[in-house]
Ligand code: 3EB
C-alpha cells in the first residue's frame, strides 16, 4: 500500500506512518477512508515503500509506483499558488524517476465561490494548473486523467499516482469535446485533463476514468437527476467501449471501484443505486461523497477504476 486518504473533519494534513502516506482531506458532510494500493501487487513480492513529508508536500513510492500529494493553502486567488504547487509536485515526480503521471485528484475549497476578482475559484484553479502544464511542456494529448471537485472550505488538496514504466494511453470520449478544448466561456484556461488513462500491468489493463458528469460536447445536460444519471452512465460506458476498441485482446471488463460525488444529500441513494447497478460494483467499493461539482448546474460526478482482462475472472 502506498497511501491512505482520510476524508474527515479537521484541517488538511500529510503524514507518514509505517511507510505509508496519510492524506487528511476535510469533509464535513461525509467520512470515508480510501486505500491506494499498487496495481497487481499480489503478483509481486510485497514491496518495500519509502515515505517522506516535507512542508506541504509528501510522497510514498516502491521503486515502480509513486503516490504524491500537496496542500495548497487558501488565499484570495488560487491561480498563482496552484501553478507553483503543480510545477513543484510534477517536478518532484520527475526527479524521483516516476515520469508517467497517469491520474490526479484536485479537491478545491468553495469551488463555486468567486475569488477576490470575481472569477470562480474552479476557473481560477484551472488557470494556474494549465499554466503549470504549459511551462512543463505537456502536450494536451498527454495530460493525466483527473478529478476536480469541491470541498466545503480551505485551499486545494492535490494528489497523483505515477509510475516509472511504461507510459499510459489516453482515452477520450467521442461524445464530449476534450476538456482541454472547452471554449473560453467556461473560463480563461480550459481544464487540463484526459477523460481516462489506461495502464497495462502483467495480466490486466487498468482504466482510470476521470470525474465524469452529464456533459455532451461541452454543454451540461441537467433537466433532472435521472437525465444526469443516464448521460453520465453513457459517458463512462463510451470510455469503456473506446478502450476495448483500442485494446481488443482484453475482452472482459470489471469495475474495481467507483467514487460517486453528489451535490445534494437527498440524491445519494438514488444515484448510488443507479451506478452500482450499471457497473456491477458493490456499495463498499463505490462510496459517495457529498461535494460541490465544478459546474453549478451539475448535481453529480462519478470517477472509477476498471480492470480489463483477457479471460473471465470467476
Ligand atoms: C467536466 O467534464 C466535469 O478540472 O480536473 C471532471 C473531471 C471535471 C476533472 C478537473 C473537472 C475536472 O468538465 C468536471
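Consider segment 106-164. How many of its residues are away from the ligand (no atom under 16 Å from the Cβ), touching a residue at least 40 places away in the same chain (Cβ under 8 Å), surrounded by fewer than 23 Cβ atoms within 10 Å (Cβ to Cβ) and within 19 Å of residue 92 (Cβ to Cβ)?
Number of matching residues: 3.
Anything in segment 258-292 that is in contact (Cβ under 8 Å) with a residue 24 or more places away in the chain, within 20 Å of residue 238 (Cα to Cα), more than 16 Å from the ligand (Cβ to nearest atom) and touching a strand residue (DSSP E or B) at 6+ places or on another chain (Cβ under 8 Å)? List them, or say none.
279, 280, 281, 286
Across segment 231-254, what is the number of residues that are closer than 12 Å to residue 307 by Cα, over 19 Å from the mean Cα position of the chain (by Cα) and in a helix (DSSP H, G or I)?
So the count comes out to 1.
Looking only at segment 17-39, which residues are at positive phi and surrounded by 13 or more Cβ atoms within 10 Å (Cβ to Cβ)?
Applying the first criterion (at positive phi) to segment 17-39 yields 18-19.
Once the filter is applied, which keeps residues that are at positive phi and surrounded by 13 or more Cβ atoms within 10 Å (Cβ to Cβ), segment 17-39 yields only 19.
Results for (1) in contact with a helix residue (DSSP H, G or I) (Cβ under 7 Å, 6 or more places away or on another chain); (2) within 20 Å of residue 40 (Cβ to Cβ), shown as yes or no for each residue.
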{"site": "183", "(1), (2)": "no, no"}
{"site": "196", "(1), (2)": "yes, yes"}
{"site": "227", "(1), (2)": "no, no"}
{"site": "230", "(1), (2)": "no, no"}
{"site": "241", "(1), (2)": "no, no"}
{"site": "252", "(1), (2)": "no, yes"}
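For segment 293-311, which residues satisfy the criterion of being away from the ligand (no atom under 15 Å from the Cβ), in contact with a strand residue (DSSP E or B) (Cβ under 7 Å, 6 or more places away or on another chain) and part of a loop (DSSP other than H, G, I, E, B)?
In the first step, residues of segment 293-311 are kept if they are away from the ligand (no atom under 15 Å from the Cβ); the result is 306-311.
Then keep just the ones that are in contact with a strand residue (DSSP E or B) (Cβ under 7 Å, 6 or more places away or on another chain); that gives 306-309, 311.
Residue satisfying the conditions is 311 alone.
Identify all residues within segment 202-220 that are within 12 Å of the ligand (Cβ to nearest atom) and either on the phi < 0 side of the Ramachandran plot or crowded, with 18+ Cβ neighbours inside 10 Å (or both); write none if there are none.
Of everything in segment 202-220, those that are within 12 Å of the ligand (Cβ to nearest atom) and either on the phi < 0 side of the Ramachandran plot or crowded, with 18+ Cβ neighbours inside 10 Å (or both) turn out to be 208, 209, 210, 211, 212, 213, 214, 215, 216, 218, 219, 220.
Within segment 72-79, can one find any residue that is in contact with a strand residue (DSSP E or B) (Cβ under 6 Å, 6 or more places away or on another chain), closer than 28 Å to residue 190 by Cβ and buried (at least 23 other Cβ atoms within 10 Å of the Cβ)?
Yes.
Any read-out appearing in this document is the output of simple, stated calculations on the displayed coordinates, not a laboratory observation. Since the model is a prediction, treat every value here as computed from it, not as a measurement. Ideal geometry is used to build each Cβ from the backbone, glycine not excepted, and the neighbour counts take in all protein chains shown.
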